[in-house]
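The values are calculated or read from the model by the stated rules, or taken from the named source; none is laboratory data. Computed from a prediction, not measured in an experiment: that's the story for all the values here. Cβ: placed from backbone, ideal geometry, glycine included. Neighbour counts: every protein chain shown.
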Amino acid sequence: MHISAYALNIDLRKIGGKDCFVVSNIQAEYKLEKQNGFLKIQILNKKANTQFYKALNNKFFDFVSLFNAQNSVNIIFGAKKGYELLAKKETNALIIEPKEILQENKVEKKENYIDNSLFKKPEFKISLIQTKPTIQNVFFSGLDAYSRHDYKLSIVQFSKLTTDPNNPFFLNALYLLASSYEKMGDFEKAIKTYRDILNYSLELDAPGKILYQIAQIYKKQGDSRYIDTLKKIVEEFPYSNYADKAKFELGNIFYDAKKYNQAILYYTSITKESPLYEIGMLKAGYIFYLEQNYPQAAYLFYLIDLKNVDVKDNEKYIAKAAYVFCKMKDFKSAENFLSYIQTTQSPDFYISKSECLLLQNNPNLALNTISQAIKVFPLNKQIQEEKTKIDLLTQKLNEQQLENIIKQYKNNEKITPLAMWHLAKVYYNKKEYAKVLNLYAKTLSSANVMDEFQNLAQDSLNMFADQSAKNFDEKSMHEALRLSNKLKLKLNSCSLAKSFMFIGQYKLAFDSVDKNSSCYKFIKANYDIQKGDLKSALSDLNSLKDKDYLNIIYGKLSHANGELSKAKIFFEKCVNSKDELLKQYAKLKLSEINIEKNIQNKPIDNKEFKGPFLTESLFLNAMYYFNKKDYANAINYFEKVENYKKYNEQALFYETLCLINLGKKELALKKLAILEKNYPNSTLTKKLKILLQ
């Protein structure tokens with residue numbers, strides 16, 4: 001037998017003449033837990049690509065099960081009756097070896113040993129002539145008081161019989177004395193007396209029953225020893241009928257504490273002969289349902305014979321079992337389970353039936369079923385929620401209706417994410433991508449986030465990024481990156497990357513696009529040119545095919561080498577590009593070259609540009625007027641950009657020069673003072689000081 005899950009291997013092999021399981025290639029930290037014929041391996045921070053339960057036709061092993069739990073893979077081996085399992089650590093492997101449990105054939109009898117059961121009524125004879133009370137009379141006097149709930153008298157009578165271990169009523173009297181103390185609420189004496197019984201040799205279920213009674217007292221007291229005592233029954237008296245009761249109670253304890261793995265272990269270890277077997281499997285399957293592990297849940301539900309289950313107290317679990325079968329497309333088994341609770345006409349029945357109808361693509365029947373349920377249970381909250389859920393899935397609700405549902409079911413883990421998903425689709429169709437992402441962010445803490453919602457959010461993020469880049473809105477551009485990190489979505493927007501590149505924010509540009517794309521290589525080439533690494537920039541061009549990208553890069557390379565005429569040729573090829581950002585960038589570079597050569601015949605039309613490109617166009621117009629010696633207009637444009645960090649130093653420098661050329665020395669000195677304050681070590685400041693001297 002060979003099983004494989006991620007890189008993990010599980011093999012059944014002969015080792016030393018015995019069947020053993022070998023678990024190899026674990027590749028992670030793991031924990032071992034051994035209990036009552038079971039051995040559990042919990043492999044941390046791993047997820048298997050398969051889940052299963054396999055019953056084994058093997059002398060030593062009963063079954064092997066593998067399933068995913070929260071942040072771990074669990075492997076459970078079950079031993080056949082009479083065997084325990086040992087784990088032996090080898091290099092890169094664990095060997096699971098069976099070992100026979102040795103049973104003593106003979107039990108050394110202690111004094112007052114009882115042959116069959118602690119509670120077997122002792123033999124007695126009635127004497128017609130009595131001169132004084134016999135131990136028999138005392139016992140039955142105490143028994144009569146006990147049956148009448150006169151525990152004070154029963155304590156008195158039974159106490160008389162607990163001093164001589166040799167009398168035939170000794171252990172029975174001791175047990176009933178402990179029980180009387182318990183009924184009176186004297187728990188300390190009850191526990192002590194029960195424990196006294198355990199000092200004597202007992203057969204069958206007696207030790208398990210005594211410990212179970214002690215456990216129930218601890219339960220009443222809220223004492224943590226309640227759990228320890230139940231575990232002791234399971235570990236020391238595994239074949240007692242009370243071991244199954246203890247397992248069931250331990251399962252309930254861990255279920256209530258939401259320690260589901262431990263709860264499952266106890267529920268599923270209840271023996272088939274126990275009347276608690278079916279309900280144990282039902283509750284274990286319900287836990288797997290809660291964890292959305294439907295294959296494992298279905299397997300456990302298949303083991304159940306509902307004829308042995310009290311339907312009235314377990315409607316919820318049976319209804320969810322039916323839903324699990326529907327999820328697994330086994331509608332026949334689902335119908336069988338629903339038939340058991342159909343006569344109860346409970347809310348759980350209606351909800352599971354409507355869910356199954358939805359899974360069978362019968363939305364109208366589902367709506368009819370839940371509408372019928374509302375008539376029967378008009379005030380039932382769960383029915384109302386199910387009706388809302390079906391409306392969300394079957395009705396075309398408008399934006400206002402969806403917003404009202406979200407408000408009404410604000411903290412509902414099932415309704416709210418579904419309503420937000422439908423509202424997000426409305427926003428997406430209206431191209432309100434920021435609202436889509438805002439809704440998705442609110443659902444991240446929910447366990448019910450749909451894959452479709454994540455895909456919509458992923459697409460909305462890139463659409464929002466493209467939108468921000470198109471508008472050249474720096475605030476929105478940064479918001480796209482923030483949302484990508486916060487929502488753990490992959491950002492891949494060439495438009496956004498280019499926008500960041502055009503304003504010199506290369507790190508953000510690289511974070512905005514897929515590293516294997518041609519867009520990334522285009523950004524990289526521009527970055528290399530900025531660094532002065534022209535060799536690397538030329539190397540980057542080998543993998544670029546887009547003509548506009550190539551022309552921009554060649555233009556920048558030529559510009560960097562001082563070949564202005566050649567640069568103009570490349571930039572002119574991009575002024576008709578379909579890429580609006582490249583077109584605007586090319587126009588600005590052409591104007592920059594013309595202004596440098598002082599051949600620009602008219603100022604730039606600033607209305608053609610937006611965002612950072614608008615600021616760049618304003619600065620270039622300032623330089624255009626400065627070269628034309630129109631200092632008044634130049635000052636006007638320099639003042640428009642002097643508050644931008646990128647242009648502040650140069651704007652102040654040229655404003656001062658303009659004022660000097662206009663003969664306004666006093667104003668020029670004021671501008672110079674601002675420049676000197678902002679840039680005390682600037683060479684531009686030193687040049688102006690020389691001019692003003």
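Taking segment 301-312, which residues are surrounded by 14 or more Cβ atoms within 10 Å (Cβ to Cβ) and either within 24 Å of the chain's Cα centre (by Cα) or farther than 12 Å from residue 325 by Cα (or both)?
Within segment 301-312, 303, 304, 306, 309, 311 qualify.
Looking at segment 215-233, can you tell me whether even one residue there is touching a residue at least 60 places away in the same chain (Cβ under 8 Å) and part of a helix (DSSP H, G or I)?
No, because not a single residue in segment 215-233 is touching a residue at least 60 places away in the same chain (Cβ under 8 Å) and part of a helix (DSSP H, G or I).
Looking at this structure, is residue 360 within 20 Å of residue 319 (Cβ to Cβ), among the polar types (S, T, N, Q) and at pLDDT 90 or above?
Considered against the rule, which asks whether it is within 20 Å of residue 319 (Cβ to Cβ), among the polar types (S, T, N, Q) and at pLDDT 90 or above, residue 360 comes out as yes.
For segment 35-52: of the residues being outside any loop (DSSP other than H, G, I, E, B) and modelled with pLDDT of 85 or more, which is farthest from the chain's Cα centre (by Cα)?
Filtering segment 35-52 down to residues outside any loop (DSSP other than H, G, I, E, B) leaves 35, 38-44, 52.
Next cut, modelled with pLDDT of 85 or more only: 39-44.
Details: 39: 27, 40: 23, 41: 22, 42: 18, 43: 17, 44: 15 Å.
Restricting to residues being outside any loop (DSSP other than H, G, I, E, B) and modelled with pLDDT of 85 or more, the top hit is 39.
Can you find, within segment 481-508, the residue that is surrounded by the most Cβ atoms within 10 Å (Cβ to Cβ) among those that are part of a helix (DSSP H, G or I) and among the aliphatic types (A, V, I, L, M)?
496
Name the residues in segment 379-408 that are loosely packed, with under 13 Cβ neighbours inside 10 Å and among the charged types (D, E, K, R), would you?
Selection gives 381, 396, 399, 407.
Is it fair to say residue 26 is under 24 Å from the mean Cα position of the chain (by Cα) and in the same structural domain as residue 86 (by TED's automatic domain parsing)?
Yes: the conditions hold for residue 26.
Take segment 675-693 and flag every residue that is outside any helix (DSSP H, G or I) and within 56 Å of the chain's Cα centre (by Cα).
Correct list: 679, 680, 681, 682.
Determine the pairs where a residue that is assigned by TED's automatic domain parsing to the domain that holds residue 27, located within segment 54-75, has a partner that is of a type in the set (Ser, Thr, Tyr) and outside any strand (DSSP E or B) with Cβ atoms under 6 Å apart, the partner being 6 or more residues away or on another chain.
No pair meets every condition.
Please specify each residue of segment 181-212 satisfying the condition of being over 19 Å from residue 238 (Cβ atoms), among the hydrophobic types (A, V, I, L, M, F, W, C) and either surrounded by fewer than 16 Cβ atoms within 10 Å (Cβ to Cβ) or within 49 Å of the chain's Cα centre (by Cα) (or both).
Result: 184, 187, 190, 191.
So, in segment 655-693, of the ones that are under 18 Å from residue 640 (Cα atoms) and among the β-branched types (Val, Ile, Thr), which residue ends up surrounded by the fewest Cβ atoms within 10 Å (Cβ to Cβ)?
Taking the candidates together, the pick is 674.
Being more than 60 Å from the chain's Cα centre (by Cα) and part of a loop (DSSP other than H, G, I, E, B): is that true of residue 643 here?
So residue 643 does not fit the description; no.
Quick grid of which residues meet (1) without any contact (Cβ under 8 Å) to a residue 12 or more places away in the chain; (2) charged (D, E, K, R); (3) in a helix (DSSP H, G or I):
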residue	(1), (2), (3)
575	no, no, no
585	no, no, yes
588	no, no, yes
599	yes, no, no
607	yes, yes, yes
610	no, yes, no
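Testing residue 361 on (1) over 16 Å from residue 326 (Cα atoms); (2) assigned to a loop (DSSP other than H, G, I, E, B); (3) not aliphatic (A, V, I, L, M), one condition comes back false. Which one is that?
Failing condition for residue 361: (1).
Please specify each residue of segment 590-613 satisfying the condition of being at pLDDT 90 or above, surrounded by 16 or more Cβ atoms within 10 Å (Cβ to Cβ) and among the hydrophobic types (A, V, I, L, M, F, W, C).
590, 593, 595, 604
Within segment 511-561, track down each residue that is within 23 Å of residue 477 (Cα to Cα), more than 41 Å from the chain's Cα centre (by Cα) and surrounded by fewer than 17 Cβ atoms within 10 Å (Cβ to Cβ).
Selection gives 530 alone.
Taking the conditions exactly as written (within 30 Å of residue 293 (Cα to Cα), in contact (Cβ under 8 Å) with a residue 24 or more places away in the chain and surrounded by fewer than 20 Cβ atoms within 10 Å (Cβ to Cβ)), does residue 444 satisfy them or not?
Details: within 30 Å of residue 293 (Cα to Cα): yes; in contact (Cβ under 8 Å) with a residue 24 or more places away in the chain: yes; surrounded by fewer than 20 Cβ atoms within 10 Å (Cβ to Cβ): yes.
Spelling it out, residue 444 is indeed within 30 Å of residue 293 (Cα to Cα), in contact (Cβ under 8 Å) with a residue 24 or more places away in the chain and surrounded by fewer than 20 Cβ atoms within 10 Å (Cβ to Cβ).
Take the residues in segment 289-299 that are touching a residue at least 40 places away in the same chain (Cβ under 8 Å) and assigned to a helix (DSSP H, G or I), then tell me which one is nearest to residue 69 (Cα to Cα).
296
Output the residues belonging to segment 221-265 that are exposed (fewer than 15 other Cβ atoms within 10 Å of the Cβ) and aliphatic (A, V, I, L, M).
Within segment 221-265, 257 is the sole residue that qualifies.
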